[in-house]
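Down below is the structure, laid out as structure tokens.
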């Protein structure tokens with residue numbers, strides 16, 4: 001997805017929120033915000049996807065505040081919070097008429113744990129809503145069919161905490177050869193290898209890393225190397241907005257599972273903010 | 001009220017919205033937004049009130065887009081819309097048990113017509129809500145008393161459209177010597193002399209202009225000249241957030257009537273977003 005002018009105020013808001021996560025020092029917060037304003041002023045939006053710019057913004061936040069992982073606390077908090085919910089989520093799956101559908105819905109519900117679009121969300125309410133809600137774009141039948149005929153699955157995770165909900169879905173995909181992809185370095189509250197291990201995903205899937213573009217944290221999502229991996233899999237499951245922004249135009253068998261939180265993604269995908277999607 | 005770091009993302013959003021109001025040309029919109037990013041990067045927030053920075057931001061929008069009044073259309077639209085509602089608003093006052101209270105509530109309800117905090121609001125729903133809603137800060141009894149013992153009233157208007165609701169309140173203030181203050185030049189959808197005349201306020205009050213700081217559009221709200229006027233009045237009625245931001249620390253007998261639309265003003269005044277205030 002291309003970067004719109006409307007992304008700019010959103011990046012500025014993200015920079016402020018991230019700088020507050022990174023430091024309580026207001027002078028550093030202001031310095032960070034001004035460095036981001038300067039970066040955005042001098043960045044051409046042309047031919048750039050939003051995650052490319054987000055990567056620069058959050059790198060500035062880390063550099064100016066000298067905090068290498070501003071969202072560490074909230075990542076830990078939501079990993080623990082979601083793990084506490086894990087037994088009751090498993091019961092929901094066990095009691096349901098259609099285990100795969102319920103597990104898929106839960107994986108999408110977990111996508112609300114996203115500190116990119118803002119820091120306010122109600123996890124428990126979202127779970128109940130998403131279990132009952134109609135899909136705005138519903139390719140679930142194709143998804144089930146594709147799963148049945150697939151062996152090699154690439155699963156692109158999104159946020160810390162959310163990955164516990166992904167684990168619920170992963171555990172329904174028995175006898176598959178699954179690779180779970182996380183970020184190679186900290187950006188917003190995106191899950192990293194540590195998060196994936198903490199919630200036990202390494203017990204059910206191979207873990208691989210991808211980056212938003214920093215070369216030392218894995219191949220970029222749009223690199224030839226990574227796109228080869230996407231195309232090499234029988235099926236790709238892509239969670240969340242960031243992966244959609246990065247891969248919506250890539251030619252591979254990708255199912256996008258997400259909760260729409262941004263009006264521009266809503267427009268691009270053909271849905272509304274608040275909708276749930278399996279496309 | 002001082003300018004917070006949190007005002008910055010809001011100014012950037014305002015600049016984008018204003019640039020879209022000003023022109024359909026996306027290249028000009030981007031040029032405008034980048035000029036505003038540069039301005040904000042190089043502006044110290046220290047000892048500045050938000051309207052001072054807003055003035056610069058919107059001046060850049062006018063200059064870069066070469067549109068001297070980006071909100072002209074919505075100002076006209078809401079003046080007309082509110083004038084159409086005028087007869088039914090008058091009936092609400094006539095039917096009410098307490099005419100002054102109802103007229104005051106309506107004047108506050110009209111304050112929702114504000115394109116600063118965002119361009120989405122529901123005017124009709126707001127009117128019904130505000131007529132039924134409790135005040136979060138309620139100095140109405142003091143307001144009534146102060147009105148009874150006042151002759152010279154200075155009424156600081158806020159937005160186009162809203163001023164029709166102000167007219168409803170002004171018409172209840174019989175036998176007073178009222179000066180209605182509007183902006184000397186276009187900024188967001190703030191009412192100007194043309195708007196005040198269009199909705200017939202010149203028939204019930206003397207009209208004076210004030211500016212956000214541009215010297216050719218009247219004295220600034222915080223100039224010695226204008227503060228003298230505030231102090232010279234028996235009573236000042238101040239509508240909306242901008243006037244509160246500019247005058248909250250000024251020593252004069254000011255009643256602030258507003259609907260809270262910004263979380264920072266909410267915190268400063270001691271209320272919540274959505275609350276109505278007479279302080």
Practice prompt. Please work out which residue is surrounded by the fewest Cβ atoms within 10 Å (Cβ to Cβ), limiting yourself to the stretch B:18-35 and to residues that are within 9 Å of chain A (Cβ to nearest Cβ) and touching a residue at least 12 places away in the same chain (Cβ under 8 Å).
Written response: B:35
Worksheet item: In the stretch B:254-279, what count of residues is obtained for those that are in a helix (DSSP H, G or I) and free of Cβ contacts under 8 Å to residues at least 24 places away in the same chain?
Response: 2
Response to the item:
Of (1) buried (at least 20 other Cβ atoms within 10 Å of the Cβ); (2) in a helix (DSSP H, G or I); (3) more than 9 Å from chain B (Cβ to nearest Cβ), residue A:70 fails just (2)
Worksheet item: If you go through the stretch A:128-139 one residue at a time, do you hit one that is under 19 Å from the mean Cα position of the chain (by Cα) and in a helix (DSSP H, G or I)?
Response: yes
Item to complete: Could you look through the stretch B:110-129, keep only residues that are touching a strand residue (DSSP E or B) at 6+ places or on another chain (Cβ under 9 Å) and either closer than 14 Å to residue B:273 by Cβ or not assigned by TED's automatic domain parsing to the domain that holds residue B:98 (or both), and pick out the one that is surrounded by the fewest Cβ atoms within 10 Å (Cβ to Cβ)?
Response: B:129
Worksheet, complete the sentence: Note on the stretch A:172-189: residues touching a residue at least 60 places away in the same chain (Cβ under 8 Å) and crowded, with 24+ Cβ neighbours inside 10 Å are A:187, A:188, A:189
Discussion item. Out of everything in the stretch A:1-12 that is buried (at least 19 other Cβ atoms within 10 Å of the Cβ) and in contact (Cβ under 8 Å) with a residue 24 or more places away in the chain, what residue ends up being farthest from the other protein chains (Cβ to nearest Cβ)?
Written reply: A:1
Item to complete: Evaluate the following for residue B:78: is it crowded, with 21+ Cβ neighbours inside 10 Å, more than 14 Å from chain A (Cβ to nearest Cβ) and in a helix (DSSP H, G or I)?
Response: yes
Worksheet, complete the sentence: Taking the stretch A:211-253 and keeping residues under 19 Å from residue A:163 (Cα atoms) and part of a loop (DSSP other than H, G, I, E, B) leaves A:212, A:221
Worksheet item: Just a yes or no: is a residue in the stretch A:227-236 buried (at least 20 other Cβ atoms within 10 Å of the Cβ), without any contact (Cβ under 8 Å) to a residue 40 or more places away in the chain and closer than 20 Å to residue A:190 by Cβ?
Response: no
Discussion item. Please determine whether any residue of the stretch B:36-49 is more than 10 Å from chain A (Cβ to nearest Cβ), in contact with a helix residue (DSSP H, G or I) (Cβ under 9 Å, 6 or more places away or on another chain) and modelled with pLDDT of 95 or more.
Written reply: no
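The values are calculated or read from the model by the stated rules, or taken from the named source; none is laboratory data. Keep in mind that what you see is a predicted model, and the values were worked out from it rather than measured. Reconstructed Cβ throughout: ideal geometry from the backbone, glycine too, with neighbour counts over all protein chains shown.
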